[in-house]
Amino acid sequence: MDCRIVQKPAFDVVGRSRKFAEASEENLAEIPRFWNEFMNYRNGHKAVVRLADNEPSHTVTGSQSLGVSMCRAGAEEFTYTIGMEARVGAVPKDFDVIHIPAARWAIFDSVGPMPGAIQEVTKRIFREWFPVTGYAHPEYELEVYLPGDPSSNDYHCQVWIHVNEKP
């Protein structure tokens, strides 16, 4: 699998969070349902977009639409946040601020309709890429959604995996 290893500065994500079971593949259906809820959430999504639009040229990821997984090895569940990269100001009610630290990222491209294409790339990263590299996965995974039609066969987005060299 092709990827780029890059160092990126810290940034904040404003969004809504939910916990999912780590060992279950039910999250492959539950997370897309969570996205539908988020996109239809009463004015909340629009409020976060307004926050993100205040500084669109200062983004680290190049996208305002992110899925953030926070998981630790051996944990029974993980937190998944849907949101936008934004400078933190007045955060809408029922929303969280997730601080993503400066980190080294393995960045993988995904092409195809959502959510299937990005789910398949993520599976391959853990099944094929990690076992043959010298990297460990400490905590964060990002789904970086780029402009375009997410239902299109040529839709392009990225998976960013927080990596450290294995000791």
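The values are calculated or read from the model by the stated rules, or taken from the named source; none is laboratory data. Just so you know, these numbers come straight off a predicted model, no measurement behind them. Quick reminder, even Gly has a Cβ in these numbers, built from the backbone with ideal geometry, and neighbours come from all protein chains shown. Each accessible area value is taken on the protein alone, full model and side chains, heavy atoms only, with ligands, DNA and RNA left out. Shrake-Rupley method; radii C 1.70, N 1.55, O 1.52, S 1.80 Å.
Mind checking which residues of segment 125-153 are within 16 Å of the chain's Cα centre (by Cα) and not hydroxyl-bearing (Ser, Thr, Tyr)? Even if it seems obvious, please write down each step before you answer.
To start, the set of residues in segment 125-153 that are within 16 Å of the chain's Cα centre (by Cα) comprises 125-126, 137-147, 150.
Hits for segment 125-153 are 125, 126, 137, 138, 139, 141, 142, 143, 144, 146, 147, 150.
Checking residue 94 against (1) in contact with a strand residue (DSSP E or B) (Cβ under 6 Å, 6 or more places away or on another chain); (2) at pLDDT below 95, which single condition isn't satisfied?
Among (1) in contact with a strand residue (DSSP E or B) (Cβ under 6 Å, 6 or more places away or on another chain); (2) at pLDDT below 95, the lone unmet condition for residue 94 is (1).
Does residue 40 satisfy the condition of being loosely packed, with under 11 Cβ neighbours inside 10 Å, modelled with pLDDT of 85 or more and either within 18 Å of residue 97 (Cβ to Cβ) or polar (S, T, N, Q) (or both)? Break it down into steps so the answer makes sense when it comes.
Details: loosely packed, with under 11 Cβ neighbours inside 10 Å: yes; modelled with pLDDT of 85 or more: no; either within 18 Å of residue 97 (Cβ to Cβ) or polar (S, T, N, Q) (or both): yes.
Here the answer is no, as residue 40 does not meet what is asked.
Every residue in segment 11-34 that is open to solvent by 40 Å² or more (accessible area, probe 1.4 Å), at pLDDT below 90 and in a helix (DSSP H, G or I), please.
Scanning segment 11-34 gives 28, 29.
Considering (1) farther than 20 Å from residue 4 by Cβ; (2) not in a strand (DSSP E or B), say which one residue 125 fails and leave the rest.
Every condition holds for residue 125 apart from (1).
Residue by residue through segment 1-10, note down the ones that are open to solvent by 50 Å² or more (accessible area, probe 1.4 Å) and part of a strand (DSSP E or B).
4, 5, 7, 8
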